[in-house]
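Report on the structure given below.
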Amino acid sequence: MEPPPPRPTRLGRLWVYLQEQFPPAVMVPAGVASFLAMYFGLQALAGRAELQLSWRAALAAATVVGFMLLLRTYDELKDVEADLELGRAGDPRYKDRAIVTGQVRVDDVRALRWWTTAALVAFNLPLGAASLGAFAGLFLLGWLSFKWFFWPAVQRNLLLAFATHNPLSLAVEGYVLVVYGSELGWEGLGPEAALLLVGLWFPVAAWETSRKIRLPEQETSYQTYSMLLGWRAATALPLTFVAVSTACLALFARHTGLSAVYVAVLLLAAAAAVGACALLLVAPTPARTKLKPFVEAFSVAAQVGLVIALVAGRDVVFAGGGLPWSP
């Protein structure tokens, strides 16, 4: 079936692009949940009886969502030539993409990149020197991830791309940590914060590795982890990331006195993801290489479940947060 003609306006074309590559109904709640899991989790570690929200927190949450969108535009721009080539060759993952069919133009994505960048700067200007400095560092790392992709060694090797790009998730958590500390102080935080950092970082690593695993007969010119490592070693990656994340979050839950219901849900979701990986290892079929849905379900249990568990056990209060117009 022929794709519909491109919309006549840039905003219309970008709406098509967002619905395909960054659906707001999914990605905005996901980004906010990612922020709250870290922000509320740090408050729980500090022993706060109430969880505080503020306009500073709202701007930081908007920054997390906006940075996710910025990375999406970076990925689109750095992969556009390869995506067009794969789409024209009939690869089922790419042939119907808006950038391939012409429903969105490359210059549209470039404009979205700059609009998002301007919004991110605006969000962080009122947050004070420490938070603004943390954002500047985060933005620099994101920009470098866009630039160093074009270093031939990284561009041609998925493992190097993973090693240089995946830590950005940890950098986002570091940004939230600085926002938290600059607003609420550093008292009460100790080494246990590492459990939260790693526990929330590794689901992202599991998701990234789970979506690029194929059996030998499925491989194409598209580079996958299984192409570089072999499908068995590649399958062990998301399995390991899920297992380590589960252990860290379960220990965090115990340390902060969270409900056993959260731990049970976390363990069930982890068991499903690990079980899917194990089933692929034991009885491989092309259908069983589709590990991403299981890992995504685990990520929801880990992040959204953590937010729910934290809120269920404490009151949430709103404070001005120290902005110039705060009461």
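Bear in mind that the values in this text are calculations on the coordinates, not laboratory data. Note that this is a predicted model, so its numbers are computed, not measured. Glycine gets a Cβ as well: all are built from the backbone with ideal geometry, and neighbour counts include every protein chain shown.
In this simple spin-label approximation, Ala119 and Glu50 carry label points 7 Å from Cα along the Cα→Cβ vector, and these lie 3.2 nm apart. Quick one: among Ser299, Ser221, Ser54, which has the greatest mean-square fluctuation in a GNM of the chain with alpha-carbon springs under 10 angstrom? Its mean-square fluctuation being the largest, the pick is Ser221. Here, segment 191-320 has an Rg and a Dmax of 16.6, 58 Å when only alpha carbons are counted.
Show log10 I(q)/I(0) for the chain at q = 0.08, 0.11, 0.16 Å⁻¹, two decimals, from a solvent-free Debye sum over equal Cα scatterers. Here the Debye-derived log intensity ratios amount to -0.40, -0.77, -1.45.
For a straight C-alpha distance cut-off of 19 angstrom, the aspartates and glutamates reachable from Lys78 (same-chain residues fewer than eight places away being disregarded) are Glu20, Asp91, Asp96, Asp107, Asp108, Glu208.
Note: relative contact order over the chain, using C-alpha pairs below 8 Å and six or more positions apart, is 24 percent. Backbone amide hydrogens, once placed in the peptide plane, bring Leu189 within less than 5 Å of nothing, excluding anything fewer than 5 places away on its chain. Of the options Cys277, Cys248, Ala264, report the single residue whose Cα projects farthest towards the positive end of the charge dipole of segment 191-320 (beta-carbon charges: Lys, Arg +1; Asp, Glu -1). So the residue furthest toward the plus end is Cys277.
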